[in-house]
1. Please report Rg (one decimal) and Dmax (integer) in Å for the Cα set of segment 1-73.
2. Segment 169-242: D in µm²/s via Stokes-Einstein (Kirkwood Rh, Cα pairs, 10 °C, 1.306 mPa s)?
3. Would you list 17, 126 from fewest to most Cβ contacts within 10 Å?
4. Below 8 Å between Cα atoms, with a sequence gap of 6+, how large is the relative contact order for the chain in percent?
5. Expected output is a single nm value to one decimal: the length gained when fully extending between residue 75 and residue 181, i.e. 0.36 nm times separation in residues minus the C-alpha distance. What is it?
6. How far apart, in nanometres, would the label points at residue 172 and residue 101 be if each is projected 7 angstrom from Cα along the Cα-to-Cβ direction?
7. Normalise the Debye intensity by I(0) for the chain, one equal point scatterer per Cα, no solvent, then take log10 at q = 0.07, 0.10, 0.13 Å⁻¹ and round to two decimals.
8. Simple spin-label model, 7 Å along Cα-to-Cβ: residue 2 to residue 222 in nm?
Amino acid sequence: MTVAVGAKTDVGLKRPHNEDFLCVDSETGLYVVCDGLGGRNAGEVASRLAVQVIQQHMSEARRNANLPMVGAYDRRFSPLTNRLASAIRLANQAIREAAKNRPDQEGMGTTVVSAMLSGQALSVAHVGDSRMYLIRGNTIEPLTEDHSLVAEQVRMGILTEEEAELSPQQNIITRALGLDDAVEVELGEVPLRQGDQLLLCSDGLTRCVKPDEILEVVRREKDPQAAAERLVERANAAGGLDNTTVILLSIQHGAGNRPVRRVWNGLRI
């Protein structure tokens, strides 16, 4: 399978510095977006540390099949998806430990959305309100659900989608790395098809650019890097309220037209 990648991170128009951090590791198939929590100390430190720990843990697991897992193994998911969850839990521990040793970093945290590709299979793991979308044909579908107060209120029927977009509480995160000693990582697995595209992004994009606008940009721009840059431009044109980070993956060759349920045979992780 051949994957073309576009990536872009930008400080936006309102923030003094960029607290987002990303990982594009095409060799291992790992892609990560982290968004340091605004209003907390050292959000940029937390996001950078999370990416570094996740990438290192996944690399070590490739070299050492017996590397211990962090946290409970969920048998509903593949070894690779469980390994990604393990890496995120380890990142949570690292952020908590760093905050204990540095008073100026107390309370720092970050969201994370991560993808791991293996053959035609996609592993998804996330915490917080950074998102992943699957773009297939002329449709765009969220692969993650926000861990935020307004998202929970929408799921409970307390707010409509339109009311949530206007809520003054839309920035309240209910789950993130660094907030507690243990973190619940939400997992998923998706079979991919040739022509599929995956978008990982921080909420700097989704607060300003609607899914149908995202779809329109990605469909128009054939080059993933050009599409990533146009999406950031759209977010800034809409106010640039936050840092914006996007990773766009385009599955170009080698994936069959029929989805494959499991492709984990022979996986060393």
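1. 15.0, 46
2. Rounded to a whole number, D works out at 108 µm²/s.
3. 17, 126
4. RCO, the chain: 29 percent.
5. 35.8 nm
6. My value for the distance between the label points is 3.4 nm.
7. Log10 of I(q)/I(0), two decimals: -0.23, -0.47, -0.82.
8. According to this spin-label approximation, the distance is 1.3 nm.
Throughout, read-outs are computed from the coordinates displayed, never taken from laboratory work. Computed from a predicted model, the values in this text were never measured in an experiment. Virtual Cβ from ideal backbone geometry, glycine too; neighbours counted across all protein chains shown.
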